[in-house]
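The structure appears right after this line, and notes come after that.
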Amino acid sequence: MRFRCLKRGFCCRRYWIPVTHLDIARISSYLGVDAAEVVDLKPVRIYGSYPQIPTVLVDGEPQYLALRDREDGSCILLDPSSGKCAVHDVKPLVCRFYPFTYRLEGGEVRVVVAEGAIGSCPGLVDDDAPIPQRVVEEVRRLAERHMFEIALWRAACIEWNRGGGGSREQFLEFLRSLIERDRVFAEA
């Protein structure tokens, strides 16, 4: 398996991007914008059930925190003219994995090719060789960070949902306070 990112943005046009509050902290700080400018809420009833992704109750409905999309469905952070990410240096952890991802098996992190990546990611070549060890190690390192950040985000979602959730504006205030509270973890 060989991979070299060609920075054409195909993945940025194909997928919605679930994020944590720490992803948003890094992005909003990098761009110098308020979190509300880059986030969206994706209803579970429309986007499907992904038990590994924490949800928040907003306006009485479970929703995922995600990056905002453009009208054409592409990520708001994709520069349409260059095909490059506007926040490449601080892009969300799930974006840093792609076209790979990880699974926990028996307490071990197993690096795998993301579902649907073969044939759709132009920089991924399935040559029947194993995933290169340097890629495996990088994804494992990112996976450990991701698991930590997901755990923090899940705890925050539980805290928010325990109170019955709230409106979009109330949630955005909650998100801003979380970002401020946990900013040190985003910078680590």
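Net charge near residue 113, counting Lys/Arg +1 and Asp/Glu -1 over other residues with Cβ under 13 Å of its Cβ? Every neighbour counted, the sum reads -1. For the stretch 116-188, the fraction of alpha-carbon pairs lying more than 21 Å apart is 51 percent, rounded to a whole number. Building the convex hull from the alpha-carbon atoms of the stretch 1-70 and averaging its projection over directions returns 6.5 nm². When Rg and the Kirkwood radius Rh are both evaluated on Cα atoms of the stretch 80-168, their ratio Rg/Rh stands at 1.07. Compared with the direct C-alpha span, the chain from residue 131 to residue 145 gains 3.0 nm at full extension, assuming 0.36 nm per residue. Under the criterion of Cα pairs below 8 Å and six or more residues apart, the relative contact order for the stretch 44-188 equals 28 percent.
By the Cβ-Cβ criterion of under 4.7 Å, the unpaired cysteines of the chain are 5, 11, 85, 95, 121, 157.
With 0.36 nm allotted per residue and the present C-alpha distance subtracted, the residue 79-residue 96 stretch has 4.4 nm of extension available.
Backbone phi angles across the stretch 120-136, fed through the Karplus curve with coefficients 6.51, -1.76 and 1.60 (θ = phi - 60°), yield HN-Hα couplings of 10, 8, x, x, 9, 10, 8, 10, 6, 8, x, 5, x, 4, 5, 5, 4 Hz in residue order; Gly and Pro are listed as x. Spacing of the modelled spin labels on residue 118 and residue 168, each 7 Å from Cα toward Cβ, amounts to 4.0 nm.
Taken along the Cα-to-beta-carbon direction at a fixed 7 Å, the label points for residue 47 and residue 159 span 2.1 nm. With a cut-off of 13 Å between beta carbons, the residues surrounding residue 72 carry a summed charge of +2, where Lys and Arg count +1 and Asp and Glu -1. Considering every alpha-carbon pair of the chain, the percent of pairs per 5 Å bin, from zero through the bin containing the longest distance, is 1, 7, 15, 19, 20, 17, 12, 5, 2, 1, 0.
Quick one: net charge around residue 92, please, counting Lys, Arg +1 and Asp, Glu -1 for every other residue with C-beta under 11 Å from its C-beta.
Value of the local net charge: +1.
Read-outs: derived from the displayed coordinates by stated rules, not from any lab. Nothing here was measured: the structure is a model prediction, and the numbers come from that model. Neighbour counts are summed over all protein chains in view; Cβ atoms, including those assigned to glycine, are modelled from backbone coordinates with ideal geometry.
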